[in-house]
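Following: one structure in structure tokens, then a few remarks.
The values are calculated or read from the model by the stated rules, or taken from the named source; none is laboratory data. Source: prediction; values computed, not measured. Cβ: placed from backbone, ideal geometry, glycine included. Neighbour counts: every protein chain shown.
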Amino acid sequence: MRCGPLLSAAALVGHHSGGSPLSAALALRGRPVMTAASDGLVADGALVHLEWSVRLDRTGERLVDAASDKAAFDEGAVRLVVGGGGYLPALHRVAKELEGVGEAKTFVVSPYDAFGERSADLGPVELPISSAPEGLKISDMVQLSNGLKARVTAMTDELVTIDANPALAGEALQITAKLLAAPVRGADLV
């Protein structure tokens, strides 16, 4: 049975620098990989109107279909203030990489820049079934004593397995985005 530093705060605040092996492999496949934003047409603070979709890179499956909790992803035509929050942070970076109205590009977003890498500190962890609330079943979400939520991934007569990693942790994404109109710069918003 694995019991370790279950869901420690340190696991949530770590920072990764440098490219991942996945990023290097994807770059070799000839697809753009998320990097620092360019000095192009779109900058932080600009209001952009774009059309976008997001898929799992591994399978090509639409993210909304792949998410176990069926989280809503507002795909299609959207307006957002770049760097202003909302949407996947990677979409804001993708918007800055678009170079012209009508241009569509597909970008590969590393797991780190999407939903994060899987962390062994977040699970899966096996616990005695006696510690589980009555009526618990596979795929239920449970609140842990440290405030985090975890998904029940397996159960036996003796053990319950929980995992607090995001359901899509460790997955690279493909974001396709197309700029539908010229961005409106911050000063022009008022």
Is it fair to say Leu80 is closer than 19 Å to Gly45 by Cα, in a strand (DSSP E or B) and either out of contact with any helix residue (DSSP H, G or I) (no Cβ under 7 Å at 6 or more places or on another chain) or in contact (Cβ under 8 Å) with a residue 24 or more places away in the chain (or both)? yes
Run Gly186 past the list (1) in contact with a Gly (Cβ under 8 Å, 6 or more places away or on another chain); (2) at pLDDT below 90; (3) closer than 16 Å to Trp52 by Cβ and report the number of the one that doesn't hold. (3)
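Looking at Ala104, Ala177, can you tell me which residue is in contact (Cβ under 8 Å) with a residue 40 or more places away in the chain, of a type in the set (A, V, I, L, M, F, W, C), buried (at least 20 other Cβ atoms within 10 Å of the Cβ) and within 24 Å of His49 (Cα to Cα)?
Values: Ala104 fails: buried (at least 20 other Cβ atoms within 10 Å of the Cβ).
Matching residue, one of Ala104, Ala177: Ala177.
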So how many residues does the stretch 141-190 have that are among the hydroxyl-bearing types (Ser, Thr, Tyr) and part of a strand (DSSP E or B)? 3
Any chance Pro128 is of a type outside the set (Phe, Trp, Tyr) and either modelled with pLDDT under 90 or within 27 Å of Leu50 (Cα to Cα) (or both): no
Could you please find all residues in the stretch 115-132 being closer than 26 Å to Leu173 by Cα and assigned to a loop (DSSP other than H, G, I, E, B)? Phe115, Gly116, Glu117, Arg118, Ser119, Gly123, Pro124
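Can you tell me which residue within the stretch 142-161, out of those that are closer than 27 Å to Val109 by Cα and of a type in the set (A, V, I, L, M), is surrounded by the most Cβ atoms within 10 Å (Cβ to Cβ)?
Among those that are closer than 27 Å to Val109 by Cα and of a type in the set (A, V, I, L, M), it is Ala150.
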Of the numbered conditions (1) more than 30 Å from Asp163 (Cα to Cα); (2) modelled with pLDDT of 55 or more, Ala27 fails exactly one; give the number of that condition. (2)
Any residue at all in the stretch 170-181 that's out of contact with any helix residue (DSSP H, G or I) (no Cβ under 7 Å at 6 or more places or on another chain) and farther than 30 Å from Gly100 by Cα? yes
Of the candidates Asp140, Asp113, the one satisfying the condition of being in contact (Cβ under 8 Å) with a residue 24 or more places away in the chain and either among the acidic types (Asp, Glu) or touching a Pro at 6+ places or on another chain (Cβ under 7 Å) (or both) is Asp113
Flag for Arg58 being under 19 Å from Ala182 (Cα atoms), surrounded by fewer than 18 Cβ atoms within 10 Å (Cβ to Cβ) and modelled with pLDDT of 85 or more: no
Could you give me the residue pairs with C-beta distances under 7 Å whose first residue belongs to the stretch 46-57 and is in contact (Cβ under 8 Å) with a residue 24 or more places away in the chain, whose second residue is hydroxyl-bearing (Ser, Thr, Tyr) wherever it lies, and which are 6+ apart or on separate chains? Trp52/Thr176; Ser53/Thr176
